[in-house]
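Down below is the structure, laid out as structure tokens.
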Amino acid sequence: MQSSRKVRELAGHLGLAAAALVLSCSVVRAQVPEPNEAIAQRGHYLAVAADCAACHTAPGGGKPFAGGYGIASPLGAIYATNITPSKTYGIGAYTEAQFARALREGIRGDGAHLYPAMPYTSYTKLTDEDIHALYVYFMTDVKPVEAKARETALPFPYNIRASMAFWNLLFLDDTRFRPEPGKSAEVNRGHYLAYALAHCDTCHTPRNAMMAEIGSKALGGASLGSWYAPNVTSDQKSGVGGWSDDELARYLKTGDVPGKAQAGGPMAEAVEHSFQYLDDSDIRAIVAYIKQVPAISDSRDTAPRDAYGKASDRETAYRGLPESGMSRGERLFTGECAACHRPTGKGSPDGYYPQLFHNTAVGAPIADNLISTILTGVRREVGGHTVYMPGFGEGSYVDALSDQDIADVSNYVEQEFGNPAVKVSAEDVKLIRSGGPKPLIAKLGAYAVPGMIAGGLVLVGLVVLMMRRVRKTR
């Protein structure tokens with residue numbers, strides 16, 4: 001049944017151009033749902049849990065859900081679309097079925113494919129009830145914005161959206177969430193929140209050569225270009241198995257656990273736009289689920305990431321120490337970092353500037369997040385309180401540091417406060433500055449899409465062959 005459905009889906013995808021032509025001639029008109037405040041409020045909560053605003057609202061004062069935010073990907077920037085109920089530029093003409101298809105299958109109302117930067121691979125698990133509530137919210141409570149969002153323009157061959165039909169055929173598990181037998185209601189609720197809505201897996205699960213999630217390594221940590229989403233399984237060293245429930249809950253709600261971790265980059269956005277607004281019971285459910293995720297270990301981790309380092313005693317030596325007695329990294333640290341983080345690395349007394357020792361960004365086996373923090377800084381707003389650190393990358397209003405500068409100060413921080421086994425080179429910084437390591441599909445360039453299509457056709461051929469053999473045995 002599943003195989004035959006996939007074959008039928010592929011046939012439908014191959015007729016995409018014809019279907020789009022038919023749609024242009026015979027438009028299906030959406031019937032705006034009747035306003036229902038209770039359902040709309042639930043839809044609003046679900047939209048917050050799904051973090052829709054973070055991607056679909058442009059930074060710097062963009063109108064809510066009007067699109068324009070550039071999502072960094074190894075293939076180029078993918079710009080989020082206008083999802084307000086504008087009938088011209090948004091989703092105002094979508095039927096509920098079209099809305100559901102966009103969320104679950106990554107197919108727009110006009111039949112064109114979305115890129116999986118829109119996490120439909122997770123949203124496919126949403127229940128019908130939640131899809132309906134989201135539809136009611138977006139159609140009745142969100143204000144339409146009559147403006148076209150910036151369009152995505154990936155280089156050839158990634159600009160061929162129809163190729164996503166083959167990617168979906170190979171990798172999309174288009175099934176709804178089912179509670180796991182033997183698990184508590186709280187754990188199952190947390191599972192649904194973490195996967196179907198918050199799509200934690202899209203960042204924290206490593207991907208294969210074609211950028212599809214590797215299910216056997218779920219939540220085991222993954223590169224996000226310039227940032228690294230760490231292992232959040234129950235492993236005591238590599239994951240968060242050593243965190244208390246209260247620490248995990250605090251991290252999700254505030255992005256700050258003194259002496260352990262602070263959220264930056266994409267995680268800071270998730271805390272700012274989504275997690276801080278979730279009910280405490282839902283936060284606890286996510287924690288309950290995360291704490292029982294099967295452990296995945298990394299041989300590079302010899303101790304938990306937050307276990308490294310101690311306060312420095314170098315401050316007392318500065319008074320009589322000639323500049324020649326300092327390494328280049330230490331001189332940079334005293335000039336650029338020590339005013340806020342203190343020469344001791346203890347941070348500010350009020351905790352606004354965090355301590356550098358017992359800090360996951362400095363104790364990790366790779367320095368990606370430390371480098372990205374130095375390059376781009378940190379900004380998150382929680383409960384009306386803004387946490388801010390300026391970046392030292394190109395265009396910095398404080399100091400624009402070179403690749404070698406950042407490598408030198410990173411090595412000093414690692415040696416003095418963090419994981420001494422980590423060494424940072426100027427080439428490492430250059431790679432992170434350029435967007436991070438590229439997956440195979442990005443390296444293949446013009447060969448990627450033909451290869452994906454060929455793989456899809458081979459799979460279809462195998463499915464057809466299997467179906468014929470099954471029929472012969474009947």
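The table for this structure:
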{"read-out": "Criterion (free of Cβ contacts under 8 Å to residues at least 60 places away in the same chain, out of contact with any strand residue (DSSP E or B) (no Cβ under 9 Å at 6 or more places or on another chain), more than 24 Å from Pro354 (Cα to Cα) and not polar (S, T, N, Q)) met by exactly one of Gly215, Gly225, Gly239, Gly220", "value": "Gly215"}
{"read-out": "So Lys217, is it touching a Phe, Trp or Tyr at 6+ places or on another chain (Cβ under 9 Å) and of a type outside the set (Gly, Ala, Ser)", "value": "no"}
{"read-out": "Selection count where residues are within 20 Å of the chain's Cα centre (by Cα) and open to solvent by less than 20 Å² (accessible area, probe 1.4 Å), scope region 29-51", "value": "4"}
{"read-out": "Qualifying residue in region 207-223 (condition: open to solvent by 30 Å² or more (accessible area, probe 1.4 Å) and of a type in the set (Asp, Glu))", "value": "yes"}
{"read-out": "Meets criteria (modelled with pLDDT under 95 and either among the hydrophobic types (A, V, I, L, M, F, W, C) or open to solvent by 30 Å² or more (accessible area, probe 1.4 Å) (or both)) for Glu247", "value": "no"}
{"read-out": "Residue satisfying all of: in region 70-119; of a type in the set (Lys, Arg) and not in a helix (DSSP H, G or I); farthest from Pro155 (Cα to Cα) among these", "value": "Lys87"}
{"read-out": "Verdict on Thr344 being among the β-branched types (Val, Ile, Thr) and under 20 Å from Asp256 (Cβ atoms)", "value": "yes"}
{"read-out": "Of all residues making up region 155-165, the number that are surrounded by 14 or more Cβ atoms within 10 Å (Cβ to Cβ) and either within 23 Å of the chain's Cα centre (by Cα) or not assigned by the TED database to the domain that holds Ile131 (or both)", "value": "5"}
{"read-out": "Helices (runs of 4 or more DSSP H) enclosed by region 366-437 - at least 1 residues per element that are free of Cβ contacts under 8 Å to residues at least 60 places away in the same chain and open to solvent by 70 Å² or more (accessible area, probe 1.4 Å)", "value": "403-417, 426-433"}
{"read-out": "Unique match (being under 22 Å from the mean Cα position of the chain (by Cα) and closer than 22 Å to Gly67 by Cβ) among Ala147, Ala198, Ala212", "value": "Ala198"}
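To keep it simple, each residue is scored yes or no on (1) touching a residue at least 40 places away in the same chain (Cβ under 8 Å); (2) among the hydroxyl-bearing types (Ser, Thr, Tyr); (3) part of a loop (DSSP other than H, G, I, E, B); (4) out of contact with any helix residue (DSSP H, G or I) (no Cβ under 7 Å at 6 or more places or on another chain).
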| position | (1), (2), (3), (4) |
| --- | --- |
| Asp174 | yes, no, yes, no |
| Glu180 | no, no, yes, no |
| Glu186 | yes, no, no, no |
| Tyr195 | yes, yes, no, no |
| His199 | yes, no, yes, no |
| Met211 | yes, no, yes, no |
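Residues are listed down the side, and each one gets a yes or a no for (1) in contact with a helix residue (DSSP H, G or I) (Cβ under 6 Å, 6 or more places away or on another chain); (2) under 27 Å from Asp313 (Cβ atoms); (3) not β-branched (Val, Ile, Thr):
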{"residue": "Asn359", "(1), (2), (3)": "no, yes, yes"}
{"residue": "Gly363", "(1), (2), (3)": "yes, yes, yes"}
{"residue": "Leu370", "(1), (2), (3)": "yes, yes, yes"}
{"residue": "Ile374", "(1), (2), (3)": "yes, yes, no"}
{"residue": "Arg380", "(1), (2), (3)": "yes, no, yes"}
{"residue": "His385", "(1), (2), (3)": "no, no, yes"}
{"residue": "Gly395", "(1), (2), (3)": "no, no, yes"}
{"residue": "Ala400", "(1), (2), (3)": "no, no, yes"}
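The values are calculated or read from the model by the stated rules, or taken from the named source; none is laboratory data. Computed from a predicted model, the values in this text were never measured in an experiment. Neighbour counts are summed over all protein chains in view; Cβ atoms, including those assigned to glycine, are modelled from backbone coordinates with ideal geometry. SASA here: full protein model, heavy atoms, side chains in, ligands and nucleic acids out. Shrake-Rupley method; radii C 1.70, N 1.55, O 1.52, S 1.80 Å.
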